[in-house]
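Take a look at the structure set out below.
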Amino acid sequence: MGTRQADDVKSPEAALREEQDYVTRVYDRLDTERDEAERTLREGPAATGGGGVFQARLERAVATDEAVRRLDRLTGVERGLCFGRIDHRAEGGRPGDTFYLGRIGLRDEHREPLLIDWRAAAARPFYTATHTSPGTLARRRHLHLRLREVVRIDDEVFDLDGLSAADQSTIVGEAALLATLRRGRTGRMSDVVATIQEEQDQVIRAGLPGVLVVQGGPGTGKTVAALHRAAYLLYTHRDVLERRGVLVVGPNATFLRYIEQVLPGLGETDVALATVGELFPGVRATVIESPEVAVLKGGLRMAGLIDAAVRLRQRAPEEGVEIESDGMVLRVDPATMLEIRDRARELRAPHNVQRRLFVHEMLRALALDRAEQYERITDEPLQEILDSGAVPQWLQELLDEAEDRPLLDDADLKSAKETLWQDPAVRATIDALWPELTPQRLLTDLFGDREALRRIGPEAGLSPAEEAALFRPPGSEWTVSDVPLLDEAAELLGAPEDSAERARRRAAEREREAEELYAREVIESSGIVQTGIPEIDMVDARELAERHLEDALDLAERQHDDGLRLTTAQRAAADREWTYGHVIVDEAQELSEMAWRTVMRKIPTRSLTVVGDIAQTGNPAGARSWGSMLDRYVSGRRREHRLMVNYRTPAAIMRLAADVLAEVAPDQTPPEPVRDDGPPPVAVRMTPDTLPALVRAELDEITTDRVGEGRLAVIASTAQHAAVLAALPNAEAGATPEALDSPVVVLTPEESKGLEFDSVIVVDPAGITGSDLYVAITRATRRLTLTHHNDLPPILSSVTESAL
Ligand SMILES: Nc1ncnc2c1ncn2[C@@H]1O[C@H](COP(=O)(O)OP(=O)(O)OP(=O)(O)O)[C@@H](O)[C@H]1O
């Protein structure tokens, strides 16, 4: 230590000018690359028209895809493109290396690195160096930009002697961090790439395989770390993840809107975001059930109930079946009926696939019955001859021969079955016995049928009261708790197979085969798979061929979308059976057991990041511990990482939150706040009439001179919500994404989950129970007011009363 960098002694103005020159070069380079990407789209192979052989189409598709991706990436990173610089210590008389860090990596025209991607290994010291263990760093510099102008520099010098004790703190980049944290809120989360802290860095760069649980109190940066992790994983494992995609599951649409800009800002545009209510394609559920029904529908007994509901739709009537067809009454006797149903059930396939066997067996039984009846009719005159005893020799021979032959040969049987299937009466009867079902149909019928619920409820271990609670009239809206049940049903039912769909699938398959052939030819003709070394050829050739083939087919598929370019995220979102490369679940404590089953189906490799806080669980069907939700899927293969520092809520508000936590979750420790600024929380006794005045006063306090900053949330229990909204006609209400753009929003505690606001007014906290109160209080980044009509509960007694 002790070597001083030459430019440490420069005047601050000169240092700023120098950095400005560098940053200007970086932006110039960004502009050049954007121009190039645009030109490729306009003039390059991507721009040539449609048609042509598959290889040409393939090349065009590759070029288009790359140019669009590149352009997306280059466009998303404009703000704060370059945010830091690291200077390594000089060694052996040689000056140390200097690197500039950015949201993406850029090289100059000579291919020399100009900007290092924040996720690259070379950037890591920026996040890990502390005063106690600086590694090889001599200095870390934060560059603060307004648009493309460098407005401030913050230095941390690691090789100067005599650092104060405070500087030894483990929180790195304190000046830069606090400046960032004090910014007014804009209603959108922003990335923190310039100020990622060491404990967050460990989460972000943890390995891809297995389940990583990130447990942390409110404001510890769980969400922000999870999103940076998505960007980091995509950067480090792009080949796997770009093809399979990354899914981020969040608690509600407002929250997803709140975080949606973070990944594009980090250069990633291809991550699917969804709520649990959106995990079943074609349904967008937002309605929340009553707590009792949410618990019931969230529990694993539902898997048994749905299984029983499917079996209930596979009928074998005790009295057998009779159908009038073509002037004849056809019968399937009870024993045959049972045999046919059981044979179909034994097929290890979903209901709609088993149905095909059921239909064939039923038609066969009916065709045989018809043939037997015909035979009886035509045999009547013959019987008379036989009874008379005068049977000529030739007839006896014919009869002996016929006895050995089956009633219907294969061709007869096929045509008889086809004829029967054309008969609407036959079809209707078979459909009623084993209908083709969609998940929606199955659940609508089940929940709308008290008798069916009563019949199968006991099998799933439900009490009569629980069976009754599940009933609802057909046509009711889908709820968030229904979505995992729809997914469960889809799993048991399989895809319905109507004839139009079948024809489309066959045509698509034929086309795909043709394309596959072309793709193989492309690969073979390019010689890509020949290494000349027999062992390598055997393994690598296959792997390479498969990879290229899949890429080729992906592209071919995309071209089919009438010229529309579908991203991996879009294709994944439309396909229930899509399996992702990695899944991140935020506010994961809210997921029920049934929701976890749905999520786990999407990630058979179990490469998951699970982010949440057990102390904030609001969903009565949510997690009480991580083990209770995850162990059945990943027992023993779960790593847990704890985040302990709160970057959001100032110390005075956190002291109150700690009182609440001690009551609602005494086994949990509140996180340590970084900030000790801002006024203590206050309590205001009032009526709804005075609420507008309080809102106006708070808005005056938080509005900054920067346009678009300053957000206020009024958080009220569901019971108070309507009255509060009526008192604040200019405020936006709850779970709409637009609410985030409004300076004032009225939310329930549930809706406020994961969000943050400069000022929070909690209306009637006595009416908000348990962890919901903890969530509501910890949304504030600067100011907290509690309003109440009656006395405050003892748990909040430390808050000072204030007049309006
Ligand atoms: N390293 C950091 N640098 C700057 N800001 C940060 C950092 N880490 C977290 N923050 C900020 O702290 C706030 C809280 O972060 P975040 O929402 O990710 O916390 P959380 O743990 O998910 O909270 P909750 O459990 O309440 O949803 C955000 O404004 C975030 O930008």
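Considering only protein heavy atoms, what per residue accessible area in square angstrom results for the range 588-683 with a 1.4 angstrom probe?
38
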Exercise. Roll a 1.4 angstrom probe over the protein heavy atoms and tell me the percent of accessible area of the range 669-761 that is carbon or sulfur.
Key: 54
Exercise. Work from the charge dipole of the range 294-493 (Cβ charges, +1 for Lys and Arg, -1 for Asp and Glu, about the Cα centre) and give the residue of Thr438, Met362, Leu330 farthest towards its positive end.
Key: Thr438
Quiz prompt | 3J(HN,Hα) from dihedral phi, the range 86-102, Karplus parametrisation 6.51/-1.76/1.60, rounded to Hz, x for glycine, proline | solution = 10, 10, 7, 5, 5, 9, x, x, 9, x, x, 6, 10, 10, 9, 10, x
Self-check item: For the range 294-493, projected area of the alpha-carbon convex hull averaged over all directions, nm²
Solution: 14.4
Quiz prompt | Asp689 versus Ala766: modelled label distance in nm, points set 7 Å from Cα along the beta carbon direction | solution = 2.1
Quiz prompt | Gyration tensor verdict on the range 255-321 (Cα atoms; rounded if a/c is under 1.5, prolate if a/b is larger than b/c, oblate otherwise) | solution = prolate
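Quote the FRET efficiency, to the nearest 0.05, computed for Glu198 versus Arg315 with a Förster distance R0 of 60 Å and r equal to the Cβ-Cβ distance.
Given R0 = 60 Å and the Cβ-Cβ separation, E is 0.45.
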Quiz item: With contacts defined as alpha carbon pairs under 8 Å and 6 or more residues apart, what's the relative contact order of the range 302-371 in percent?
Solution: 27
Exercise. Calculate one ³J(HN,Hα) per residue across the range 327-341 by plugging θ = phi - 60° into the Karplus curve 6.51 cos²θ - 1.76 cosθ + 1.60, and present them in order as whole Hz with x for glycine and proline.
Key: x, 10, 8, 9, 10, 10, 6, x, 5, 5, 4, 4, 4, 5, 4
Quiz item: Around Asn646, which amide H atoms from residues at least 5 apart in sequence, or from another chain, sit under 5 Å from its own amide H, with H modelled in the peptide plane?
Solution: Glu672, Val674
Quiz prompt | Order by protection proxy (mean Cβ within 10 Å, highest first), peptides 25-35, 476-486 | solution = 476-486, 25-35
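Which net charge results when you count Lys and Arg as +1 and Asp and Glu as -1 among the other residues whose beta-carbon is under 14 Å from that of Pro794? Mind showing how you got there, number by number?
Working: positive: none; negative: Asp659, Glu663, Asp791.
Net local charge, Pro794 excluded: -3.
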Practice problem: Have a look at Pro317, Pro424, His351 and report the one farthest towards the positive end of the charge dipole of the range 294-493, computed about the Cα centre with Cβ charges (Lys/Arg +1, Asp/Glu -1). | Solution: His351
Quiz item: In the range 294-493, carbon and sulfur make up what percent of the accessible area (probe 1.4 Å)?
Solution: 51
Exercise. At a Cα cut-off below 25 Å, give the lysines reachable from Lys222, other chains included and same-chain residues fewer than 8 away excluded.
Key: Lys602, Lys753
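Please work out the average accessible area per residue across the range 313-461, using the 1.4 Å probe convention, and give it in Å².
About 61 Å² of surface per residue is accessible.
The values are calculated or read from the model by the stated rules, or taken from the named source; none is laboratory data. This one's a predicted model, so the numbers in the text were calculated from it and none came from an experiment. Don't worry about glycine lacking a Cβ; one is built from the backbone with ideal geometry, like all the others, and counts go over all protein chains shown. What goes into the accessible areas is simple: the full protein's heavy atoms, side chains included, and nothing from ligands, DNA or RNA. Shrake-Rupley method; radii C 1.70, N 1.55, O 1.52, S 1.80 Å.
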